[in-house]
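Take this structure first; my questions come after.
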Amino acid sequence: MTIKINPRQVAAEALCAIASEGAYNNRILHTLLRQNGAMSPKDRAFVTEIVNGTLRQIIYIDYVLDAFSSLPHEKMKPWVLAVLRSGIYQILFLQVPDSAACNESVKLMGLRGSNHFSGFVNGVLRAVSRGKEEIKLPQEGTAEYLSIRYSHPLWLVKMWLAAYSYDFVEALCAADQCAPDVTIRVNTQKTTKEDLKTLLETSGVSVQDSLFCPNALHLSGTAGLAHLKAFQDGLFHVQDESAQLSALLLGAQKGERILDVCAAPGGKSFLAAEEMEDTGSIVSCDLYPHKIDLIAEGAQRLGLESIHAQLRDGTQVQENEKSAFDRVLADVPCSGFGLLRKKPDLRLHRDGTAIDQLLPIQWRILQASADCVKKGGVLVYSTCTLCKKENEGMIRRFLSQREDFIPEDLTALLPSGISCDTAKDGFVTLYPHIHGTDGFFIARLRRKE
């Protein structure tokens, strides 16, 4: 007998775990979809759309919820809130009948002992359905408007407004609401971009050329990359073009000794090894054993023998590591607000305090990484966030205290299609609405001879 799995229930379970247990959307989705493997591809896609879409619109949804509910969303039970959030997302953003969104949400109240909330859920969702054309937002031109309209935390909007113009921040927030495609880096040790593109297209994958990185491809129509033979054969790894650029700006040369300080899951190390034609040595490090396993497994799949995965604390330097590497890449832990397109749950999981907690760690990693660079060698510092304290502020502080390092002009090193006013100062910032990538910061410094 075939058991019918309700995709709306699976989506609500994921949203409940994300909001009340601090689960990350990619991990909980992977777990729940695996546990409910009998779902059709269409239902799996529906679950993913509800979860990620609800998270992208979470602040707006809660604003609407509070406008139509007598009980503030903060006081609702986790399961009730998850069902209401997913129901409102369906009513406002999906092409499903409002009646279906309401009725199916009410049915979910029979789970987890919430039957007595059925009338409440029904009343709220039907009120949203009737009044959705009359929802009033805060006044345009204000931080509050951007926060609600584009579902970005108010503190984050205010931080960006202190650094950029209003129009710039609005365009950035709007870009964060668009789900990105999947970007990969071609393993040039095993294939070419043209051959891989042809192979993927014959497997039913839609493929577009890169925006600016020479061996990148953009994919859509991929139900699961790990199931593709091209992936299993190590012909590519997944990596946004912004992250690819940070590894390319490292400029690794054949036969050099490279240190990748915070490497997991290994993408930048993999790219550097391919650029070096798998010669020399790349010490690819992380703080946690399971992440070291990820790096080692990825290198083995790609057939890269120059990578040596190593357990290491990026804030510490061993005596034999001092001035020992031609190039060092420090892609440090950061607040991650350049990844809101891919990680919409950051709207729930991060706040402004995370930045202040990260700054001392970033500083210690940067200092330790610098000590590992040979005289005449290169240090690249990067983050996947858009926060000047973590980015420009960190580099300016470093240069003010380390006279043995100088910034390098990036103008001639950047690929065509990228121009940046700060390139001459040794750093570049990528933005989703300008470059079509994750938000990313990259600085390149050279140690004096």
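The values are calculated or read from the model by the stated rules, or taken from the named source; none is laboratory data. Source: prediction; values computed, not measured. Quick reminder, even Gly has a Cβ in these numbers, built from the backbone with ideal geometry, and neighbours come from all protein chains shown.
Does the stretch 168-206 hold any residues that are of a type in the set (A, V, I, L, M), surrounded by fewer than 19 Cβ atoms within 10 Å (Cβ to Cβ) and not in a helix (DSSP H, G or I), and which are they?
Ala179, Val182
Here is a further query. Which one is nearest to the chain's Cα centre (by Cα) among residues in the stretch 137-172 that are of a type in the set (Gly, Ala, Ser) and under 18 Å from Leu339 (Cα atoms)?
Kept after step one, since they are of a type in the set (Gly, Ala, Ser), are these residues of the stretch 137-172: 141, 143, 147, 151, 162-163, 165, 171.
Narrowing the set further to residues that are under 18 Å from Leu339 (Cα atoms) leaves 147, 151, 171.
On the way: Ser147: 20, Ser151: 17, Ala171: 18 Å.
Out of the qualifying residues, it is Ser151.
One line per residue, one yes/no per condition, for (1) without any contact (Cβ under 8 Å) to a residue 60 or more places away in the chain; (2) touching a Pro at 6+ places or on another chain (Cβ under 7 Å); (3) of a type in the set (A, V, I, L, M):
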| residue | (1), (2), (3) |
| --- | --- |
| Gln35 | yes, no, no |
| Ala67 | no, no, yes |
| Arg85 | no, no, no |
| Asn103 | yes, no, no |
| Arg112 | yes, no, no |
| Asn115 | yes, no, no |
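May I pose another question? I need the full set of residues from the stretch 266-298 which are β-branched (Val, Ile, Thr), assigned to a helix (DSSP H, G or I) and buried (at least 23 other Cβ atoms within 10 Å of the Cβ), in order please. Let's see the steps before the verdict.
Kept after step one, since they are β-branched (Val, Ile, Thr), are these residues of the stretch 266-298: 279, 282-283, 292, 295.
If we keep only those that are assigned to a helix (DSSP H, G or I) as well, we get 292, 295.
Listed by number, the list holds a single entry, Ile295.
Something else now. For the stretch 4-115, please list each of the helices (runs of 4 or more DSSP H) lying entirely inside it that holds at least 2 residues being under 29 Å from Leu339 (Cβ atoms).
Correct list: 7-21, 25-35, 41-56, 58-68, 78-93.
Something else now. When you scan the stretch 232-265, how many residues do you find that are in a strand (DSSP E or B) and closer than 26 Å to Asn320 by Cα?
Total meeting the criteria: 4.
Residue under question is Ser400, and the condition is that it be in the same structural domain as Cys334 (by TED's automatic domain parsing) and either modelled with pLDDT under 95 or surrounded by 16 or more Cβ atoms within 10 Å (Cβ to Cβ) (or both); does it hold?
It is false that Ser400 is in the same structural domain as Cys334 (by TED's automatic domain parsing) and either modelled with pLDDT under 95 or surrounded by 16 or more Cβ atoms within 10 Å (Cβ to Cβ) (or both).
Here is a further query. Can you name every residue in the stretch 274-293 that is closer than 15 Å to Glu321 by Cα and either under 22 Å from the mean Cα position of the chain (by Cα) or assigned by TED's automatic domain parsing to the domain that holds Gln189 (or both)? Don't jump to the end; show me each part of the working.
First, the residues of the stretch 274-293 that are closer than 15 Å to Glu321 by Cα: 281-285.
Those that are closer than 15 Å to Glu321 by Cα and either under 22 Å from the mean Cα position of the chain (by Cα) or assigned by TED's automatic domain parsing to the domain that holds Gln189 (or both): Ser284, Cys285.
Just to verify a result, which residue in the stretch 212-231, among those that are in a loop (DSSP other than H, G, I, E, B) and modelled with pLDDT of 90 or more, is surrounded by the fewest Cβ atoms within 10 Å (Cβ to Cβ)?
By that ranking, first place goes to Pro214.
Looking at Asp98 and the list (1) charged (D, E, K, R); (2) surrounded by fewer than 17 Cβ atoms within 10 Å (Cβ to Cβ); (3) free of Cβ contacts under 8 Å to residues at least 40 places away in the same chain, which single condition is not satisfied?
(2)
Hey, another quick one. Among the candidates Glu144, Glu194, single out the residue that is in contact with a helix residue (DSSP H, G or I) (Cβ under 8 Å, 6 or more places away or on another chain) and without any contact (Cβ under 8 Å) to a residue 12 or more places away in the chain.
Residue meeting the stated conditions: Glu144.
Quick one: would you say Trp160 is closer than 15 Å to Arg347 by Cβ and outside the structural domain of Lys342 (by TED's automatic domain parsing)?
Yes.
Of a type in the set (A, V, I, L, M), farther than 14 Å from Cys262 by Cβ and in the same structural domain as Arg257 (by TED's automatic domain parsing): does that describe Ala296?
Answer is yes for this residue.
Can we say Gln95 is at pLDDT below 95 and not small (Gly, Ala, Ser)?
yes
Only residues in the stretch 197-215 that are of a type in the set (Phe, Trp, Tyr) count as the first member; pair them with residues that are outside any strand (DSSP E or B), Cβ under 7 angstrom, at least 6 apart or cross-chain, and list the lot.
Matching pairs, first to second residue: Phe212/Glu241; Phe212/Pro415; Phe212/Ser416; Phe212/Gly417; Phe212/Ile418.
Would you confirm whether or not the stretch 350-370 contains a residue that is within 30 Å of Ser151 (Cα to Cα), touching a Ser or Thr at 6+ places or on another chain (Cβ under 8 Å) and hydroxyl-bearing (Ser, Thr, Tyr)?
Looking through the stretch 350-370, none of the residues is within 30 Å of Ser151 (Cα to Cα), touching a Ser or Thr at 6+ places or on another chain (Cβ under 8 Å) and hydroxyl-bearing (Ser, Thr, Tyr).
Is there a residue in the stretch 30-46 that is under 19 Å from Leu84 (Cβ atoms), at pLDDT below 90 and surrounded by 19 or more Cβ atoms within 10 Å (Cβ to Cβ)?
no
Still on this structure: Looking at the stretch 406-420, which of the residues that are surrounded by 17 or more Cβ atoms within 10 Å (Cβ to Cβ) and over 15 Å from Leu248 (Cα atoms) is modelled with the lowest pLDDT?
Cys420
Out of Gln139, Gln177, which single residue is in contact with a helix residue (DSSP H, G or I) (Cβ under 7 Å, 6 or more places away or on another chain), more than 25 Å from Gly393 (Cα to Cα) and free of Cβ contacts under 8 Å to residues at least 12 places away in the same chain? Quick ask: steps written out before the conclusion?
Working: Gln177 fails: free of Cβ contacts under 8 Å to residues at least 12 places away in the same chain.
Going through Gln139, Gln177 in turn, just one is in contact with a helix residue (DSSP H, G or I) (Cβ under 7 Å, 6 or more places away or on another chain), more than 25 Å from Gly393 (Cα to Cα) and free of Cβ contacts under 8 Å to residues at least 12 places away in the same chain: Gln139.
I've got another one for you. So in the stretch 348-363, with the set limited to residues that are within 19 Å of the chain's Cα centre (by Cα) and assigned to a helix (DSSP H, G or I), which one is surrounded by the most Cβ atoms within 10 Å (Cβ to Cβ)? Quick ask: steps written out before the conclusion?
So the first thing to find is which residues in the stretch 348-363 are within 19 Å of the chain's Cα centre (by Cα), and the list is 348-352, 354-355, 358, 362.
Those still in the list that are assigned to a helix (DSSP H, G or I) too: 348-349, 352, 354-355, 358, 362.
On the way: Leu348: 17, His349: 15, Gly352: 13, Ala354: 18, Ile355: 20, Leu358: 20, Gln362: 25.
Within the stretch 348-363, the match that is surrounded by the most Cβ atoms within 10 Å (Cβ to Cβ) is Gln362.
Tell me the residue from Arg301, Arg327 that is of a type in the set (Lys, Arg), more than 29 Å from Lys448 (Cα to Cα) and either in a loop (DSSP other than H, G, I, E, B) or out of contact with any Cys (no Cβ under 6 Å at 6 or more places or on another chain) (or both), please.
None of the other options fit; the residue is Arg301.
Could you run through the stretch 411-449 and say how many residues are of a type in the set (S, T, N, Q), under 22 Å from Leu379 (Cβ atoms) and assigned to a loop (DSSP other than H, G, I, E, B)?
So the answer is 2.
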